[in-house]
1. Under the rule of -39500 (n - 2.57) per DSSP H run of 4 or more residues, summed and divided by the residues of chain A, what mean residue ellipticity at 222 nm is obtained, to the nearest 500 deg cm²/dmol?
2. Return P(r) of segment B:11-85 (all Cα-Cα pairs; 5 Å bins starting at 0; whole %; ordered from short to long distances).
3. Which percent, nearest 5, of DSSP beta bridges in the protein assembly as shown are antiparallel?
4. Using per-residue counts of other Cβ atoms within 10 Å, averaged over each peptide, order B:113-121, C:118-126, A:192-200, B:31-39 from highest down.
5. Measure nothing fancy, just the Cα-based angle from helix A:303-317's long axis to the longest principal axis of chain A, in degrees from 0 to 90, nearest 10.
6. Which order do C:46, B:182 fall in if you start with the one that has the fewest other Cβ atoms within 10 Å?
7. When Cβ neighbours within 10 Å are restricted to other protein chains, what is their mean count per residue of peptide A:325-334?
8. Rounded if a/c is under 1.5, else prolate if a/b beats b/c, else oblate: with a ≥ b ≥ c from the C-alpha gyration tensor eigenvalues square-rooted, which is segment A:225-298?
């Protein structure tokens, strides 16, 4: 790996092939076993943040008996600091649709859905145009797989896969109990593959390049590239496609404003890394995983304000069904305010830390479980800012 | 609810608190632990409802797994090692209960459910005296819906477990209650946060019966009843519904399914009621009136070929069912029997027939009823129910409220002697007792109608018409063939009387949809709004679940079998009231006092 | 408000009468009326054979499905961290001054409603806002002035 600069990659945003839906057409010729084998060898893990191996997800769903199966593309990008799916859908929607269609073939689904967050409704006309073109090509290829766009309406929690299914079924976006997992019971309780926008593009690129070529990018645990959304105190905010497995200090060298005191990796539900830990932090599944959000804070920022902002976000965006998340978020927020105002002793932060630990292990879904990530990493590393 | 067929032969081995256990695949950790007599606390879990897994108080520790799974929602897996009482678990559960308390108006001494609250129970177990977290209640704009005559909804006591929401949807298919808003604002709400009074709520009280706290309670009239009892100018009569006598014991510490009729009568007398009478008397009267009404309708249909006659005829004893029809199937209101419910027949007679016979001024009579039901409170307050010239039933108490009064009076209920109802309007038959169970009204009506028409007893062993006894799983259908009728009923010769019985409004909805869509034709249908019928009523002791309902049901049929009279028309007091007062079934007086009509209500 | 019933029927014909059609129908009504009135929600409940409380429960879960009357143009300013860091407060202030309303309010002519919202996904170009479906990023006081003036001059329907 180069010592000087981070390796920029042009995998996701690279140009389309010279013929429309060419990779899709050639992949359709292959056997499902072959495709799954390639995915397995590529080491691709989901790009939404959780990092479940994509090949396993597809294989389980393919193996679940059932005539009716679904492919769902999770485009409910709502994590603060994340905007890469918008960019992908804006620049290379064809790759996303192709990835979904390949999934449909492998698992035996005839219907795909893209769940697009309400905030991105302005993109629909453009996406529909590309979708019409996809459907034409699918017809020519004899592929029985149609894609429909469904809209969210302003609810962060719908990015959680089972909440997303609930929303698509016309209900409140409240996460379900797991098991059962989507591979056996997803949309309409049917076997479903749900993947992030970026994951589907990665699939297509693996089909285009082959797993060996793809594997050359990244590290053993984190294969391939990743699209990062860089924001905050940086002179060059925006979207960057970088190789996975990079050390955070080099990232800060390149993107920081020279005065970076912390980086929030993975959005409000991710981890806050303070300056002293930049060197030892690797961005990837072996270190700090991220769905792509990198928010940079310089020393003029109050980390108390940052945490306060996150907790307000969670307090509002929790679905509210489970106790630890609904009430826990309110307690954490009210608690840090009380400590800051001096109404509670600094020692109360320890009580809140224990509470966040309980939330992490008892909340029903990933939202409630991950509130503790930012809470504990900010409180632990910037305790003085919380108190004074 | 659809349930997946389960492969019952597949077994799973796991360890819970060091004990190895083998259970069927699909069993939850909670159920597996209960089999071992390990009690895991729960709040959102209820045996009658689908699993929610949202309160998280039932979490347990699973080895090699980072998070604590909710035991109610997690099926066992092979080789699983579970700890239900580890340090991690205890801390997590305490945090969860503390969190719930921080959002909860925990002024327990002002709460109707004080001492019976499940959250309070857990708080006391976990020694939450030190209040770990900040009080969130002042930040909340909680509201109390006091506008309803039957049910009070107090959001400040709500822990958002959604038992009520699932009850209203799954068991009753009403969905008057739902979950609204999200995050810190998430709440249990009616449509647009209207009062329960203004929405499709049937007042069945099944939500009240399942609410773990004081968020949903009946509007209680205990003090008003005491005031009446203490008022020397008032003559207070009390009537007791059939299903109360097989459940009241539970509210007073006795075993489930005990018949406590005699002790209950003794207790009511000791509480100071002037006359202790029985709703069962008017249940018998209902059978006479309703039986004749059915035969009249059949005659109009079969002989007169009258196209305006409404069949199937539906029972009208259950006020939750009445309101459900008014909202949901208003076009079927003419199908309801015009008979008032036994409670309201009793009320109308108490201030007329009873008053005359006892030479009392009806304005001084206070008529109280003890009901397994919250909808009866609403029914008594209906404007239609004043045919005596007064409010026919002044106060309706649930089985639970009577339990409270007995405790307030310091009575040792179990030690009370068995006493008999006062007469008149206190004698009844076994047919009246079974009004308390699903299928009971149907069976009672058939026992009388069949005999009226054929001159013979129903062709079932021991008068037990088992085919019409309801089940909680589905709509029960039965056909009774009528043969060798008396000459005056010749038009019924060979007629196969088609009956259907449903309990729980979800089944009632299915039944009515089938009728509406022409998928089924019946002559006579019986509906009780609550699962299991009145014995599972919203006003019955808490907890109520399927196992408890089954025991109460057995008690009801046992009571029926033990009665000297088993058929309504053989009740001597019934003959007496027709002779002295009503003259004949469906006569002028009956119409005035015992029959009524209902009006359509908004569907939404 | 124009008749919602026939519009709901139109939407139901288009999207279907399954429960899964509820969200698209709610979105369709909001796109036209800017909010969901109680009569509109009962019309939807009737059309899809759901309880009104269920429709209300779903609607109130989503921030963009308002159940209170809103102006013709609903302005939602992102309040999440990077927009907040880059001057969200000033933008809100400018909007409040221009429109002479506070956050949460609607102008008397029913033209604008000013709201705050969570992350819009323009973190690299904050502060950002949506006016109905259209995003605006890299906001400054001047830019906000231009944008609002443009909407002001749009002919009302």
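1. On the way: 15 runs with 172 residues, N = 388.
One gets -13500 deg cm²/dmol as the mean residue ellipticity at 222 nm.
2. Taking every Cα pair in segment B:11-85, the percentages come to 3, 18, 31, 27, 16, 5, 0.
3. Numbers: 52 of 104 bridges.
Taking every DSSP beta bridge within the protein assembly as shown, about 50 percent pair in antiparallel fashion.
4. Numbers: B:113-121: 18.1, C:118-126: 25.3, A:192-200: 27.3, B:31-39: 15.1.
Ranked from most to least packed, the peptides come out as A:192-200, C:118-126, B:113-121, B:31-39.
5. 50
6. On the way: C:46 17, B:182 26.
Sorted ascending by nearby Cβ count, the order is C:46, B:182.
7. Values: counts 4, 10, 14, 5, 2, 10, 9, 1, 2, 6.
Per residue, the average neighbour count from other chains is 6.
8. Numbers: a/c = 1.37, a/b = 1.13, b/c = 1.21.
Judged from the Cα gyration tensor, segment A:225-298 comes out rounded (a/c under 1.5).
Bear in mind these aren't lab numbers, they're just calculated from the coordinates by the rules spelled out. Predicted model, so just to flag it, every value in this text is computed and none were measured. Glycine also receives a Cβ, built like all others from the backbone with ideal geometry; neighbour counts cover every protein chain displayed.
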